[in-house]
1. How do 121, 85 rank when sorted from fewest to most other Cβ atoms within 10 Å of their own Cβ?
2. Distance in nm between label sites at residue 70 and residue 186, each 7 Å beyond Cα in the beta-carbon direction?
3. For the residues 117, 67, what sequence is obtained by ranking on other C-beta atoms within 10 Å, fewest first?
4. Just round it to a whole percent: the fraction of Cα-Cα distances in the range 71-192 exceeding 20 Å.
């Protein structure tokens, strides 16, 4: 390819990028199906819906999908059982840079959340002896069902082999020689029925 071919290719790529990012010409995306702006203009069911009210990707009625669900409070025992059924949750705290939320794998040990980490992690640097929140959930976006459990508590770092004895196996490579233990002060949950 000569220099003029490179310039032509660069101009074509630039033109494609401009078309793709210009809101007047860019296709609207819904899931994996690409819809032009013209395809959903005037749609009563909203962007991404076919004119007959059916979801374009799933072939199910949009009305059935939007049926309101009841929000039901869970008992503490239900919360513990659901929390124990999932391997991943989100640890949240307020650190020097502001609110932070990270996904982590964990295990429950009685009424304690155990998270394996490294000394260089933000969680280790910012959570020791601090209030934290921990959320575990699962949702089905097709059925609009699911549940969420929220744990509030206090985090403490533990060091040494004894602390790691019942710690979760890390999903991330590298040494994870610290245990972040969350002592639970409160557990609440809700379910969409």
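1. 85, 121
2. 2.5
3. Numbers: 117 23, 67 9.
So the ranking, lowest neighbour count to highest, is 67, 117.
4. Cα-Cα pairs in the range 71-192 separated by more than 20 Å: 41 percent.
Values in this text are rule-based calculations from the coordinates and carry no lab data. Everything numeric here is computed off the predicted structure, so don't read it as measured data. Cβ sites come from the backbone with ideal geometry, for glycine too, and all protein chains shown count toward neighbours.
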